[in-house]
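Student: For reference, the structure I am asking about is given below.
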Amino acid sequence: KRYAAPFIRELERLSSQGNLVQLSKIFKAASPAVWADKSDSTLQELHFVSKDDIALSFADYQLRINKLKTFEEQEESEGRLRRSSALIVNRKGNRFRASYFEYKGTPILVSRQLMVFEIDEEKVMTEYLLLQLHTPLFEQQLTMFKSDDEQNSISEGAFGQLQRVLTEIKIQEKTIRETKLFLLQEEEHKVEILRNRLNLDKQEAQSKQSRIISSLPHELGNRLPAILNEFKNLRDYIKDKEKSGTSI
């Protein structure tokens with residue numbers, strides 16, 4: 001495919017340097033899937049992962065368990081039971097989504113619409129892998145594979161054939177540190193912009209308030225002294241009544 005040529009040349013260049021590896025080489029062998037359905041009442045309180053729960057960016061890669069619905073609340077009637085940490089990826093759709101489930105003693109259920117992989121952490125850092133999966137080079141490969149499918153989908157086997165850059169662990173750690181620092185600086189920049197906007201809004205409100213106060217004498221004209229005098233007369237009247245003990 002002609003549109004694929006630029007990134008294929010890049011893949012060939014990286015491959016010649018020995019920097020590429022298929023995903024299947026850094027995933028552990030798939031264990032038999034354990035499927036569950038809603039007929040099992042003991043599983044209905046488990047959290048259920050649907051395709052909408054999977055992150056769109058590296059910054060949000062960690063699966064947020066506390067925001068997931070329970071199996072009972074979901075429309076889907078079955079799910080794959082997970083009792084170990086895993087990478088969860090959407091099987092189809094125009095936008096790539098990937099999240100990491102860190103197992104802490106409580107299992108989850110995963111939708112049939114999602115793929116599940118166990119990462120071999122002796123070969124690759126989880127965060128580094130997720131970062132690589134969000135690079136244009138990887139997403140272009142994924143798009144090419146999906147374009148051959150009528151439903152814009154990809155199988156777990158085909159996903160394992162996709163290639164990504166693999167470097168030494170020390171370089172992986174450095175890349176992750178630099179990426180997190182960059183993301184943090186981006187967030188700080190957003191906060192600073194928001195703070196400046198709030199300050200401008202505050203200054204604008206104070207300016208409007210000053211204009212209103214300064215315009216009062218002009219708006220009231222000569223009536224202001226007369227109004228103040230009436231208040232003075234009323235005050236004196238009340239004080240006189242108070243001294244004489246007369247009710248008002």
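Student: Toward the positive end of the charge dipole of the chain, about the Cα centre and with charges on Cβ (Lys, Arg +1; Asp, Glu -1), which of Thr167, Ser84, Leu43 goes farthest?
Tutor: Thr167
Student: Could you estimate the translational diffusion coefficient of the chain from the Stokes-Einstein equation, with Rh from the Kirkwood formula over C-alpha pairs, at 37 °C and 0.692 mPa s, in whole µm²/s?
Tutor: Working: Rh = 23.5 Å.
My calculation gives 140 µm²/s for D.
Student: Could you tell me the relative contact order of the chain? Use alpha-carbon pairs under 8 Å, at least six residues apart, and round to a whole percent.
Tutor: Numbers: 275 pairs, mean separation 48.5, N = 248.
Here the relative contact order equals 20 percent.
Student: Where the convex hull is taken over the Cα atoms of segment 44-142, what is its projected area averaged over directions, in nm²?
Tutor: On the way: hull surface 25.8 nm².
It is 6.5 nm².
Student: Of Asp40, Asp148, which has the most accessible area with a 1.4 Å probe, and how do the rest follow in descending order? Walk me through the numbers on the way to the answer.
Tutor: Details: Asp40 60, Asp148 115 Å².
Order by accessible area, largest first: Asp148, Asp40.
Student: If Arg223, Arg64, Arg164 are ordered by their accessible area, calculated over protein heavy atoms with a 1.4 Å probe, which sequence runs from highest to lowest?
Tutor: On the way: Arg223 140, Arg64 120, Arg164 5 Å².
Output order, biggest surface exposure first: Arg223, Arg64, Arg164.
Student: Which one, Leu198, Ser155, Leu216, is farthest towards the positive end of the dipole of the chain when Lys and Arg carry +1 and Asp and Glu -1 on their Cβ?
Tutor: About the Cα centre, the residue reaching furthest to the positive side is Leu216.
Student: Still on this structure, I have one more. Tell me which GluC sites (Glu not before Pro) from segment 138-201 have a DSSP coil assignment and no more than 13 other beta carbons within 10 Å of their own.
Tutor: Details: sites: Glu139, Glu150, Glu156, Glu168, Glu173, Glu178, Glu186, Glu187, Glu188, Glu192; in loops: Glu150, Glu168.
Here the sparse-neighbourhood loop sites are Glu150, Glu168.
Student: Another question, if that's okay. Can you give me the distance in nm between label points at Ile169 and Ser31, each placed 7 Å from the Cα along the Cα-to-Cβ direction?
Tutor: Each label point is offset 7 Å from its Cα along the Cβ direction, giving 2.3 nm.
Student: If I stretch the segment between Leu14 and Ser77 completely, what's the gain in nm (0.36 nm per residue apart, minus their alpha carbon distance), one decimal?
Tutor: Difference between extended and current length: 18.3 nm.
Student: What is the Rg over Rh value, at two decimals, for segment 87-138, using alpha-carbon atoms and the Kirkwood definition of Rh?
Tutor: Numbers: Rg = 12.0 Å, Rh = 12.3 Å.
Ratio of gyration radius to Kirkwood radius: 0.97.
Student: Can I ask one more? Just list whichever of Lys38/Lys123; Lys28/Lys92; Lys51/Lys174; Lys67/Lys190; Lys69/Lys146; Lys104/Lys190 have alpha carbons separated by over 27 Å in the model shown. Present the calculation step by step, with values, prior to reporting the outcome.
Tutor: Values: Lys38/Lys123 37 Å; Lys28/Lys92 22 Å; Lys51/Lys174 31 Å; Lys67/Lys190 25 Å; Lys69/Lys146 29 Å; Lys104/Lys190 33 Å.
Exceeds cut-off: Lys38/Lys123; Lys51/Lys174; Lys69/Lys146; Lys104/Lys190.
Student: Ok, one more. Quick check for me: using +1 on Lys/Arg Cβ and -1 on Asp/Glu Cβ, what's the dipole size of segment 172-241 about its Cα centre, in debye to the nearest 20? Write down the numbers at each step before the final one.
Tutor: Numbers: 14 positive and 12 negative charges, 68 e Å.
So the dipole magnitude of segment 172-241 works out to roughly 320 debye.
Student: Suppose the chain between Ser85 and Thr42 were pulled fully straight at 0.36 nm per residue; how much longer would it get relative to their current alpha carbon spacing?
Tutor: Values: separation 43, 0.36 × 43 = 15.48 nm, distance 2.14 nm.
Difference between extended and current length: 13.3 nm.
Student: Report the accessible area of Arg177, computed with a 1.4 Å probe over the heavy atoms of all protein chains in place, in Å² rounded to the nearest 10.
Tutor: The accessible area comes out at roughly 150 Å².
Student: How large is the dipole of the chain about the Cα centre if only Lys and Arg carry +1 and Asp and Glu carry -1, each at its Cβ, rounded to the nearest 20 debye?
Tutor: Details: 39 positive and 38 negative charges, 161 e Å.
It comes to approximately 780 debye.
Student: How large is Rg over Rh for segment 128-248, taking Rg from the Cα atoms and Rh as the Kirkwood inverse mean of 1/r across Cα pairs?
Tutor: Details: Rg = 36.2 Å, Rh = 22.7 Å.
With Rg and the Kirkwood Rh in hand, the quotient comes to 1.59.
Student: How much accessible area does Asp236 have with a 1.4 Å probe, in Å² rounded to the nearest 10?
Tutor: Using a 1.4 Å probe on the heavy atoms, I get roughly 50 Å².
Student: Could you work out how far the C-alpha centroid of segment 44-91 sits from that of segment 173-190, in angstrom?
Tutor: Centre-to-centre distance over Cα atoms comes out at 26 Å.
Student: Rounded to the nearest 0.05, what FRET efficiency do Arg64 and Ile213 give with R0 = 45 Å and r taken as the Cβ-Cβ distance? Could you check? Please list the in-between numbers first.
Tutor: Numbers: r = 49 Å, r/R0 = 1.09.
For R0 = 45 Å, the calculated efficiency reads 0.35.
Student: Continuing with the same structure: At 1.4 Å probe size, with no ligands or nucleic acids counted, give the accessible surface of Ile238 in Å², nearest ten.
Tutor: Ile238 has an accessible surface of roughly 80 Å² with all protein chains in place.
Student: Can you work out ³J(HN,Hα) from phi for every residue in segment 148-154, in order, using Karplus 6.51 cos²θ - 1.76 cosθ + 1.60 and θ = phi - 60°, giving whole Hz and x for Gly and Pro?
Tutor: So the Karplus estimates, Gly and Pro as x, are 7, 10, 4, 9, 6, 10, 9 Hz.
Student: Here is a further query. Take Leu137 and Ile238, extend 7 Å from each Cα along the Cα→Cβ direction, and tell me the distance between the two endpoints in nm.
Tutor: 8.1 nm
The values are calculated or read from the model by the stated rules, or taken from the named source; none is laboratory data. Model, not experiment: these values are computed from the prediction. For neighbour counting, all protein chains shown are included, and Cβ atoms are generated from backbone atoms with ideal geometry for every residue, glycine included. For the accessible areas, the whole protein counts, side chains as well, though only heavy atoms, and no ligand, DNA or RNA atoms are used. Shrake-Rupley method; radii C 1.70, N 1.55, O 1.52, S 1.80 Å.
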